[in-house]
Amino acid sequence: MVKVKKKSSAKDYISALSNISKAITSDLYLEDVLKLIVTLTANVMKAKICALWLLEESTQELKIRATQAMSKEYLKERMLKVGEGIVGLVAKDRKPIIIANVLEDPQYKEKKLARKEGLVSMISVPMMVKNRVIGVINCYTTIAYKFTKSDIELLGTVANQAAVAIENTELMVKTRIVQEELETRKKVERAKGILMEEQGLTEQEAYKLIRKSSMDKRVAMKEIAEAIILSHEIRS
């Protein structure tokens, strides 16, 4: 018998989107953003379990990155190729897939896991940014449930909003890394100049000295360069 789960209210829907929107402009780390997304999505969908998979474009593999209910072992081990399993098909076709009972559907491959977790009905939607798939979100119920058009639209909206949050977070991380690399390069260049001037070293010798000090002291080259610069400024 198909049971009816409690539907989300308009207030729940707006609240979830609002909270995900806040994540877009937050300074949270990616893992924290993903955890927030699956928790909010599970709440707004009234789902027992929500799982988020991200696509690695270079390998065309989807890896589960967050869930609010499954075991850590499941998180570490799960990986699918695009086109493989339900998640892979959703990523490949860029269309939602609904399964009334995962234990009876031949396309669903993790039946042992489903029995263990008590999973029954499933909805899986692609996470899209500018017509590009970046991942997939799955929601499961522990009772037989017929997902409605409203459910699909709701999860699709949440998924796409979440995709923007994820892409924004990854962009911020990449930007920070680039900025840090540029800052390190500038300081190492300045430190090399100081060593060349004060010790009569060549550029290559100065660089090797900084690198050796970094390895010997097991600290970043940026810290060695900063120490050289500070010492020079004090003497000056």
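The values are calculated or read from the model by the stated rules, or taken from the named source; none is laboratory data. These numbers come from a predicted model, not from an experiment. Positions of Cβ are backbone-derived with ideal geometry, glycine not excepted, and every protein chain shown enters the neighbour counts.
Any chance you could count how many residues in region 106-143 are under 23 Å from the mean Cα position of the chain (by Cα) and buried (at least 18 other Cβ atoms within 10 Å of the Cβ)?
Of the residues in region 106-143, 14 are under 23 Å from the mean Cα position of the chain (by Cα) and buried (at least 18 other Cβ atoms within 10 Å of the Cβ).
For region 145-153, state whether one or more residues are at negative phi, in a helix (DSSP H, G or I), in the same structural domain as Ser15 (by TED's automatic domain parsing) and in contact with a Pro (Cβ under 7 Å, 6 or more places away or on another chain).
yes
For every residue, the table says whether it meets (1) of a type in the set (Lys, Arg); (2) surrounded by 16 or more Cβ atoms within 10 Å (Cβ to Cβ); (3) part of a loop (DSSP other than H, G, I, E, B).
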position: Val90; (1), (2), (3): no, yes, no
position: Leu103; (1), (2), (3): no, no, yes
position: Glu183; (1), (2), (3): no, no, no
position: Ile194; (1), (2), (3): no, yes, no
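Since Gln68 meets every condition but one in (1) modelled with pLDDT of 85 or more; (2) touching a strand residue (DSSP E or B) at 6+ places or on another chain (Cβ under 7 Å), which condition does it not meet?
Every listed condition holds for Gln68 apart from (1).
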